[in-house]
Structures are given as C-alpha cells and as structure tokens.
Amino acid sequence: MTHETILTAAGLGAADIQGGTLPIFTPVDGSEIARLKTHSPEDVRAMIAAAAESFKAWRNVPPPRRGELVRLLGEELRAEKDNLGRLVSLECGKILQEGFGEVQEMIDICDFAVGLSRQLYGLTIASERPGHAMRESWHPMGVCGIITAFNFPVAPWAWNAALALVCGDPVIWKPSEKAPLSALATQKICERAMAKFGDAPDGLIQVIVGERDVGEILTTSRDVAIVSATGSTRMGHAVAAKLSERFGRCILELGGNNAMIVAPSADQEMALRAIVFSAVGTAGQRCTSLRRLIVHEDVYDDLVPRLKAAYETLPIGSPLADGVLVGPLIDKGAFDGMERALERATSDGGLLHGGGRALAETYPDGYYVHPAIVEMPGQTDIVTHETFAPILYVLKYRDLNEAIAIQNGVPQGLSSCIFSTDVREAEEFISATGSDCGIANVNVGPSGAEIGGAFGGEKETGGGRESGTEAWKGYMRRQTNTINYSRELPLAQGIKFEI
C-alpha cells in the first residue's frame, strides 16, 4: 500500500493533513506525508475550558453507562484495527505486526475498562465509636491531560483514556509532534463511538496538535486535575516540576534501562528468542527494550556467539513489508545518538558487533541501522544511560548477588527479567532483595507487557502506573466518610469536650 492509501484508509483526508505549518515525516523513507494545522495557546485554553464544562455532566453519568461509551470505542477499534495499525507503522516505523499489536492493546484496555466500570469499589471501615459507620468512597477527579511519545503513538493514550473515562474524567490528548496522525485518526474513531453513544458531552475527548509549548499548558492549567505523561526522564522532570507548583496529580511513565540475567540453568533457546525480540523490536525504541544482557560466565561462551549469529540474519527493511523484523529509527537525531553511544562504549573497552547504517542507498532519507551488540568489560557510564536505539550491552557475572547488583545499578527502574530454571534463583530475583523494577519477569523478556498488570517503574522511571490492578485510583479522588446514625456525639480517641 502507498503512503497515501494508508492515510486515506485511516480516515485522514486532504483537509486533515494539508494546509498547516507542522511537517510530519515518515521514518519509512524520510518523506513528508502531512503538514498539519496546529493549535494555538488560545485554542488549548478553550479546549481545557470545554473539558472542564463537560466534567460537570460526565461525573454524574453512572459508571456502567460511562463504560458503555468505552465498549463502543472498543468495537470501533476492532473494525479499524488493520487501518490504524498500518498508520502506526507508517508514522513511527514499527513493523506491521507491532502496529497491529499496539491497536490490540487499545482494544484490550477497553475491554478491561468496561468491566472496571462496574467495580469502582470503596470500603466499609470499622469505627471505634458506637453508632457510627466509616466508608471510603471514590469520585471523579477532573480533566485528565495525556501526553504521549512517538514510539507508542496510540496505546498509552488508551491505557489512560479508557480508565479515565469510566472513572468520570474528560481527556485531552497531546501526542508527540513526531507522531500526531495516529492521534487524529483515533479521534475520528472516538467521534464515531460518541455518536453511537448518543449523549456524550461536548469536550469529553479532545486532541491537541502542536509542539511542546502547547503541551505545557496542560501542566500549568489548574483546570487540568491529572496529567499522565509518557516519555523521557528529562520530560518527566519538567512535567513533575510544573505540576508540583500547583499540587496537581501526575502519572509518569518515563525511561527504562532494562536488563536480563541469564543464569547457568537457563533454557538457552527460550532466552535467545526473548533477547532478540526484546532488544531489536521497534528498532530498540521501546521504554521496555532490552538494553543490558547479564550472562553467567559458565554459559557466556555458548550463548553470545549464538546471539551474534542470530543478529546477522535479522531482516531489515520497510516496516510495511511482510517478513521484516527491524524497521527504521524515527529520525537522524536517533541515529546520531546511537553512533555517539557506540563510540563511547568502544572507547570504554567495549567490543562492538554490528551497528552502522543499513539500506542507505535504498532509503537515503530513512535511518535504518544494523542492531548492535557490545561486549563490555563492566557497567560503565554509557551502559547506565538509556540510548533509544538497538544497542545491547553484554556483561558477565559470577554469582546471583553480583548480577542483581548490576541489574539494579542504574538510575532507571522499569522492567527486568531472569532466565533460570532454578526456583531459588527465580524467587530471589522477584523478592524484596531482588530486582528493584516495577516489572520483574521470570523466563519472559522485559518487553511486551499485558494490560492486566499495572505498567510502570521506579526511580527515574517516575513511579507512575498505567493499566492493570488499581491503576484506576490514579484518576479518582478518595473520600473518607463518617456517618453517625446514633443519638449521641462521641468523639474519636475518647476525647471529652462538654459544653
């Protein structure tokens, strides 16, 4: 399919993608595929005001009824899975299977949220005072701003929006300026779902198109109760600082520097497959990409040569073509960052295999690369830094405590895993003295989380959680209620105060 055909199939006509000032380039070949009209600061403030007004109506809609809108959205996404998935691949460069998988995540979280709409439970709490009852209740919080990154242009929005909507919160989406087309196509899908729903208030679901300056308005406006931001740690610092100034709530899902420990007892066939997918999927541009491989010295000389051989056979090419496993980096900036990281790693004594530009003659304006393996003498500074590219640093270890110390010895704390058939090692890894990450897997790679589990991490990953168990509480405000149904007025803690 041509680029134009993909855009049209996703519902984006000339009026949507022409006549503006923001150029959009596809990493497939570096060509310009759209020039979008952007929103001004005044536009964004008007959108926030409309969302705040819609909140007054939406918070009074019963949660199961709110869930019906999300159910309809899921049905619309099912019908558009192929079209939207291809657009995701065109816009951010991930292979088709990953594009389709990202839309499937949207569908899955809609299903999850529909069930959740009938399970927004509070608690009954025992009171120390006779004739009193205590309850914990949860109420809609307010407008939810959602800021997303280029590498997952639609799924993180859905993780947040589906839960926020059933919790009673309107949503305003600021997608990456590198990948806003998928957001515009999703907005059209939302509008169809809202038309079928029938009585959704104006301003309930909106999209902002623009660069960082308009997104910052979400973080500073007191009418935006929650901001969920997915992106770099640097971006997270800026968002958190702005929100803390006004005591706003933030949900941060930031950088990762994810490791796999391969123990002597590991099933090497399983480990090899998990390593390759986790390290080169999305051309290493996932926050959960595998970046550090920590291999026991007894199996190092068996595993690493096999890994190098697997890398040499990886099909690199257009993400829109069947059979390709490695698509392009998002742009030249990403390529330059990869080159700088490899230069630093080799100057630190690393032994480089692979790397370098690929398909330059076929795609002179696209930035395809050979995924790189770097055998490192130790965890140097560059290894502790997240480079958003397919670089896999390989380190040796002697005992499990050493491996866990290496795993934890980075500023980020998103995802981690161990491959081992030793139950003691596995349990140690997921214990309080094991991995310090928000995600810790056994015999499963660090990449490719399911929506049933809360997603996010600790340290410089930001501490936020999206999707999964109890994440809904991030979109609601907690209220403690005490009800006195007696004819007396006893005070707590036995205090006597008579008048």
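The values are calculated or read from the model by the stated rules, or taken from the named source; none is laboratory data. Everything quoted here is computed from the prediction, not taken from an experiment. Heads up, the Cβs are rebuilt from the backbone with ideal geometry, glycines too, and the neighbour counts pull from every protein chain shown. Only protein heavy atoms, including side chains, enter the accessible area calculation; ligands, DNA and RNA are left aside. Shrake-Rupley method; radii C 1.70, N 1.55, O 1.52, S 1.80 Å.
Couple of notes before you dig in:
- Once you divide the Cα radius of gyration of the stretch 141-181 by 2.2 N^0.38 Å, the number left is 1.14.
- The chain, helix-only ellipticity at 222 nm - DSSP H runs n ≥ 4, -39,500 (n - 2.57), divided by all residues, nearest 500: -12000 deg cm²/dmol
- Taking the alpha carbon gyration tensor of the stretch 361-485, multiplying each eigenvalue by 5 and rooting it gives semi-axes of 34, 23, 14 Å, largest first.
- Column: log10 I(q)/I(0), Debye, Cα scatterers of the stretch 1-144, q = 0.17 Å⁻¹: -1.14
- Binned Cα-Cα distances of the stretch 379-450, short to long, each 10 Å bin given as a whole percent: 18, 54, 26, 2
- From the alpha carbon centroid of the stretch 146-207 to that of the stretch 1-57 is 13 Å.
- Calculated FRET value between residue 306 and residue 336, using beta carbons and R₀ = 30 Å, to 0.05: 0.45
- Kyte-Doolittle at least 0.0, axis length at least 27 Å by Cα - qualifying DSSP helices, the chain: 96-116
- Here the stretch 169-210 yields Rg over Rh of 1.00, to two decimals, using C-alpha coordinates and the Kirkwood radius.
- For the chain, diffusion coefficient by Stokes-Einstein and Kirkwood Rh (Cα), 4 °C, 1.567 mPa s, µm²/s: 54 µm²/s
- A simple spin-label model places the labels of residue 111 and residue 360 4.6 nm from each other, with each point 7 Å out along Cα-to-Cβ.
- Computed with the Debye formula from one identical point scatterer per Cα of the stretch 58-127, without solvent, the log10 of I(q)/I(0) at q = 0.14, 0.17, 0.26 Å⁻¹ comes to -0.54, -0.68, -1.02.
- Accessible area per residue for the chain, computed on protein heavy atoms with a 1.4 Å probe, is 42 Å².
- With R₀ set to 56 Å, the beta-carbon distance separating residue 134 from residue 422 gives a calculated FRET efficiency near 0.75.
- Square roots of five times the Cα gyration tensor eigenvalues for the stretch 1-45, Å: 23, 13, 8
- The stretch 221-298: trypsin sites (Lys or Arg not before Pro) in DSSP loop, at most 14 other beta carbons within 10 Å: 222, 246
- Alpha-carbon geometry of the stretch 139-279: the Rg and the Dmax are 18.1, 60 Å, given in that order.
- Ratio Rg/Rh, restricted to the stretch 94-207 and using Cα atoms, in which Rh is the Kirkwood radius: 1.11
- In the chain, the portion of solvent-accessible area held by carbon and sulfur atoms comes to 51 percent [1.4 Å probe, whole percent, DNA, RNA and ligands not counted].
- Cα pair distances exceeding 20 angstrom across the stretch 253-314, given as percent: 25 percent
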